[in-house]
Each structure stands twice: as C-alpha cells, then as structure tokens.
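> Structure provided below as structure tokens; questions to follow.
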Amino acid sequence: SPPRRDFAGADPLHVLHEVYGYDAFRGEQAAIVEQVVAGGDAVVLMPTGGGKSVTYQVPALVREGTGLVVSPLIALMHDQVDALLANGASAAYLNSTQTPQERAAVEQAYLAGELDLLYVAPERLNLAQTTALLQRGRLSVIAIDEAHCVSQWGHDFRPDYLALGDLGERFPGVPRMALTATATRETHRELSERLHLPDAKHFVASFDRPNIQYRIEPKVDVRRQLVQFIRTMPEGSAGIVYALSRKSVEATAEHLRGQGIDALPYHAGLDAGMRARHQSRFLREDGVVMVATIAFGMGIDKPDVRFVAHIDLPKSVEGYYQETGRAGRDGEPSVAWMAYGLGDVVQQRRLIDASEGDRTFKMRLGQHLDAMLALCETVGCRRQNLLGYFGQSSEPCGNCDTCLQKPDTWDGLVPAQKILSTIVRLQRERGQAYGAGHLIDILRGASTERIVRFGHDKLATYGIGADLSDQDWRSVVRQLLARGILVAKGEYGTLALGEAAGPVLRGETDVPLRHDVLGRGGSRSSGRA
Ligand code: ADP
Ligand code: ZN
C-alpha cells in the first residue's frame, strides 16, 4: 500500500479529496464531521449506503491520535481496513481471528502513534487489558458502529454493547459517535441513554429513497408473478430476488433460467467457489439476477441494481428497508417488488413460536411482523408507511403502487364476524381450533371428508360464507391477521381471536379491506394463495 500520509490538522474537505477522491461531502456528512472534529459527541442515524464511514474516518484522520471503531462485523472490518490502506491511510484491527504475534504488532503500531484507525470488536474492547492498552496511547475519536445492537428490543441485540456505556469514563475527553442504519425513534432514544451520550448532537438523515418505487402484491402464483414483474423491467436489468429458504432459492433460480432470465442462486449452503463465481458474475456482468437468501447483499457495493424482489415476507420492516435499499444506489429509477401471502404469515408466526426466548421477546418479534404486514396491507402510501416506521413524516409519494393506483376498499365487517363467530363456536361448543383452510371450508359449505367426519356441517355457521371464493376468504383472513383481529397459533397455525376482535364481533368498527388484495375488481384472482 502507498506510504502513510499525515492529515493531522488538515481541512476535512481536503482529506475527502485526497483519501477518498470524492468531490464533496454528501447530505449531513459535513456537519457531522465538523461536530466531531471540534470534539463533540454525535448520534448518527443514516440508512445503509448513506455514507457513514466517512463521518468517523475523516475526523479520525484530521484529529491527533487514532480513531477507534467498534464494530461487531469482523468480516467487514477486514474490508474497511484494506480500503483505507489502499488509500494511503493507516489502519488495523484487533480481533479473535488474529494470532498473538499479529495482535502484538498492531498494539505496537498503536502505541507508537502510527495508526489512523483501529477497528475492534466490542467483546475485545471490554477486556480490561484492551482498555489498559488503549489508555496508554492516544485516541482521537471513538465510533460505535451498528449502535442499535445496544437495544434489547431490536433483533440484533448484543450484550457486549451494554458495557460500552462507560467508554466516556474509560476515555475522558475523546469525542464519541454512535452510528446506525436501523433505528426507530424508540431505539434511537434507547441507544443515546445506554451509550451515555446525553450531550451528543443528533443527525438523522432522511430514510427516503425517492428513486425506489415500492410495489407489493398478494401471492397468487408467485413464480409466474415474479417472471411477469421481471419482464416489466428494462432488458438487461440487474436484480436481486430474496427468498427465505435455500431450496426455494435454487428452485426459483432454475425456474427463471427456464424462462430465459439469466438467474443464479446464492446461499450459504453452496460451496465457496460457486458463491464467489456467482457473486463476481453479478458484480461484473449486466443483467444478472441473483436469487439469494438474505445472507447475500451485506457489503456488496453494486450501484446499478435495478430491482429487488421479495418472494417471501421479510421478518421486519428494518429488514425489508435494508434489503430493498440495495436497489438503485446510483440514484436511477429502481423497483422494490414483493409478493406475500397467508402462507408467509403462518410460517413466520410458527417460526416465532418455535424460537428461543421469553414471552416478551416473542411478542416483540410478533410486533415486527405485524408492522411488516401493516405495510403490505396499507390502503395508504407505502413510502409514507415505511418512513413513518422510522419516525419520519411525509406526504403521499406518488411513486408507489398504492399512490399510482388507489386501492379500492370495501367493508369486511360481515365476513370478519362470520369467521370470528365460527372460531368462537368451535372453541366454546367443542373445544376445537383449526387453521384457515378448514375454517374456510366450513364457511363456504364444502363437504370434505374432515367436515363430514367432525360433523362440522351441523354448525350454525356452515355455509354462511358461500358468497366469497376460497381465494377471497384467504385474503380476508390475511388482512384480519395483519390487523390483529385474528391470530395464528402453534405449530399448525390454528386461528384464534386476536386482541382487536372484540369491537368487530360487537359490530362497533369498520373493517376496510382492500379489493385488489381480494382478487376482486378485475385484478389477479386465479390460482391459490
Ligand atoms: P454506510 O456505511 O452508511 O452504509 P458507506 O460509508 O459504506 O455507507 O458509503 C456508501 C457508499 O457511498 C460507498 O460506496 C461510498 O464510497 C460512497 N460515498 C460515501 N460518501 C461519499 C461522498 N461524499 N461522495 C461520494 N461517494 C460517497
Ligand atoms: Zn406512495
């Protein structure tokens, strides 16, 4: 790598040109750098790809001493350090993958004042010996990356982050920064408290990605829908298709190839050689569609991804935002497309039930999922819903499916009451609970073997929902699940009354349901949900 250059005391913009080759700071970068260079603390909320690295690296270069970066991602540390070295900055990391000799060399370099930046994992920083070592040298700034990991309510909670609250005492006078791409207002407050940053200036970048068009549709025949969607994109568009399981990744990639789309699978179960080949084709060639599990995308810097498609429901809005955010980093028009169905909801609830963790934890996961479903089922602007989730208010965007075509709604109160009272009757009269399929059979008056065997054709609600198709009913159930009027329980996703069921049973509320989700009003309605 090129020889180290000393930027102590230099103009931040000069450093930005010299080290990174960028013309100007972007968005709030300049203000953040100014705050920290002057010795102040900062809390930085910026979406992935927003340019957080520059905001702590430039102050580290400009101020005397070494910038300490706390990061939980050992793999990314390595890339960051390589990139800095290539630009003539001096950087190193301390982590568990190193030999004692390698670590000793880094420690010597730090003490000799030769490092601009030092990356360290939180568990290592919390060792008494690491603190003692760092106290013997000079720190210019402390940047806590992925700061939302300190939040117990988030899905990335790391106990090691809790101990970072006393960094101010361990290193008095050193400006501290907390940076994250995933934080709701609530986590935002929580992280300032737990990391003891009462006087920090807060920088909240807009989470809006105006060039991304959001489109969400109900699953009917997801592979056919996916192919149809991809065909609406300009020829040669690169894209990522996210699926939940490895099996589905492989089957989908094969299906797309069968349709003449240049698709490749990517998941952790493929051998390293194949993964590397597929990734490199995706990065270098035009028009490759990567079908992947969510493992793919972290640290992938491809600016011209034209679409991100989800064929399974993400677990949370944060996840959805992060994954869709990989589209259109070049600012050109791009699409985030998703298809979701009842099966997704039931499967996710099942995963939550089966997960380890106490009731509160499961409840939180359930809330994450509900927020995701609310985004899917919204009759308002998708972007407004999405930004609202991140605490940002906005006007309807005009560039999402619900803005471009106002969804028609109808009042689903009566069907909702029909299914709720069927559930209540089965529970009260027979102590039984069933999944959506069987309940719909009862409502539609089907004469399946199970219905006859259980005598369910004798129920008062048998056949009272014959006016709706099976498809319509599935959609009603999905929307009722999304609103907490129904809940799916246990291994089989049996349906029960949700928290919001009371007012519906008593007829005290409207239940506006989307027509198009129902497959009515001339939209996609064939096949199964
Ligand atoms: P984050 O850590 O917030 O996800 P990064 O720091 O990795 O984002 O930056 C995202 C991308 O934006 C990178 O490709 C980076 O090179 C680029 N970038 C950051 N700041 C600037 C800037 N001021 N001018 C041009 N490109 C920038
Ligand atoms: Zn909109």
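Throughout, read-outs are computed from the coordinates displayed, never taken from laboratory work. This is a predicted model, so every value here is computed, not measured. Cβ sites come from the backbone with ideal geometry, for glycine too, and all protein chains shown count toward neighbours.
> For region 61-217, what relative contact order do you get, as a whole percent, if you take Cα pairs closer than 8 Å and at least 6 residues apart?
Once normalised by length, the contact order is 24 percent.
> According to the square roots a ≥ b ≥ c of the eigenvalues of the Cα gyration tensor, what is the shape class of region 397-493, taking rounded for a/c under 1.5, prolate for a/b larger than b/c otherwise, and oblate for the remainder?
Here region 397-493 falls in the prolate category.
> Okay, next question. Report, in degrees rounded to the nearest 10, the 0 to 90 angle that the Cα long axis of helix 100-111 makes with the longest principal axis of the chain.
In the chain, helix 100-111 runs at an angle near 60 degrees to the longest axis.
> Could you run the Karplus curve 6.51 cos²θ - 1.76 cosθ + 1.60 with θ = phi - 60° over region 132-145 and give me ³J(HN,Hα) per residue in whole Hz, x for Gly and Pro?
Coupling constants for region 132-145: 4, 4, 5, 5, 7, x, 10, 9, 9, 6, 10, 10, 9, 7 Hz.
> Can you tell me how much longer the chain between Ala105 and His515 gets when fully stretched, taken as 0.36 nm per residue apart minus their C-alpha distance, in nm with one decimal?
Computed gain between Ala105 and His515 is 141.0 nm.
> Something else about it: If each residue of separation counts as 0.36 nm, what is the full-extension length gain between Arg224 and Val414 once their alpha-carbon separation is subtracted?
Between Arg224 and Val414, full extension yields an extra 65.1 nm.
> Something else: Residue by residue through region 77-87, which ³J(HN,Hα) values in whole Hz follow from phi under the Karplus form 6.51 cos²θ - 1.76 cosθ + 1.60 (θ = phi - 60°), with glycine and proline marked x?
My calculation for region 77-87 gives 3, 4, 4, 4, 5, 4, 5, 5, 4, 4, 8 Hz in order.
> Here are some pairs, Lys315/Lys406; Lys247/Lys458; Lys219/Lys302; which of them have Cα atoms lying more than 32 Å apart in this structure?
Exceeds cut-off: Lys247/Lys458.
> Just tell me which lysines come within less than 26 Å, Cα to Cα, of Lys201; anything on the same chain fewer than 8 places away is out.
The qualifying lysines are Lys52.
> Rounded if a/c is under 1.5, else prolate if a/b beats b/c, else oblate: with a ≥ b ≥ c from the C-alpha gyration tensor eigenvalues square-rooted, which is region 1-79?
Verdict is rounded for region 1-79.
> May I ask you to list the aspartates and glutamates whose Cα is less than 12 Å away from that of Lys489, ignoring any residue fewer than eight positions away on the same chain?
Filter leaves Asp353.
> Angle, helix 246-258 long axis vs. longest principal axis of the chain, Cα atoms, 0 to 90°, nearest 10?
On a 0 to 90 degree scale, this one is about 80.
> For a footprinting-style exposure proxy, rank Leu73, Leu16 by other Cβ within 10 Å, fewest first.
Ordered from fewest to most neighbouring Cβ atoms within 10 Å, Leu73, Leu16 come out as Leu73, Leu16.
> Still on this structure, I have one more. Ranked highest first by the average count of other Cβ atoms within 10 Å around their residues, in what order do 412-423, 20-31 fall?
Ranking, from highest mean packing down: 412-423, 20-31.
> With the cut-off at 1.5 for a/c, could you classify region 45-127 from its C-alpha gyration tensor as rounded, prolate or oblate?
Because a/c hits 1.5 or more and a/b fails to exceed b/c, region 45-127 counts as oblate.
> OK, next. With label points built 7 Å along Cα→Cβ from the Cα atoms of His78 and Asp271, find their separation and express it in nm.
In this crude spin-label approximation the distance works out to 2.0 nm.
> Related question: Could you give the length gained by full extension between Ala295 and Ala354, i.e. 0.36 nm per residue of separation minus their alpha carbon distance, to one decimal place?
Stretched out fully, the Ala295 to Ala354 stretch lengthens by 19.1 nm.
> R0 = 51 Å: FRET efficiency of Asp11 with Gln367, Cβ-based, nearest 0.05?
Computed FRET efficiency for Asp11 and Gln367: 0.65.
> Now for a separate question. Under 13 Å Cα to Cα from Lys418, which aspartates and glutamates show up? Leave out anything in the same chain fewer than 8 places away.
Within the straight-line cut-off, Lys418 pairs with Asp441, Asp467.
> Further question on the same structure: Quick check: the angle from helix 470-482's long axis to the longest principal axis of the chain, C-alpha only, nearest 10 degrees?
It is inclined by approximately 40 degrees.
> Another question about this same structure. Just want to confirm a number: the relative contact order over region 297-351, from Cα pairs under 8 angstrom separated by 6+ residues, in percent.
Once normalised by length, the contact order is 44 percent.
> Excluding Glu28 itself, what net charge comes from residues whose Cβ is under 11 Å from its Cβ, given Lys and Arg +1 and Asp and Glu -1?
+2
> Filter the GluC sites (Glu not before Pro) in region 41-144 down to the DSSP loop ones having no more than 16 other Cβ atoms within 10 Å, then list what survives.
Within region 41-144, the qualifying GluC sites (Glu not before Pro) (loop, at most 16 other Cβ atoms within 10 Å) are Glu64, Glu114.
> Under 8 Å for C-alpha pairs, at least 6 residues apart: give me the relative contact order for the chain, rounded to a whole percent.
Reported relative contact order: 12 percent.
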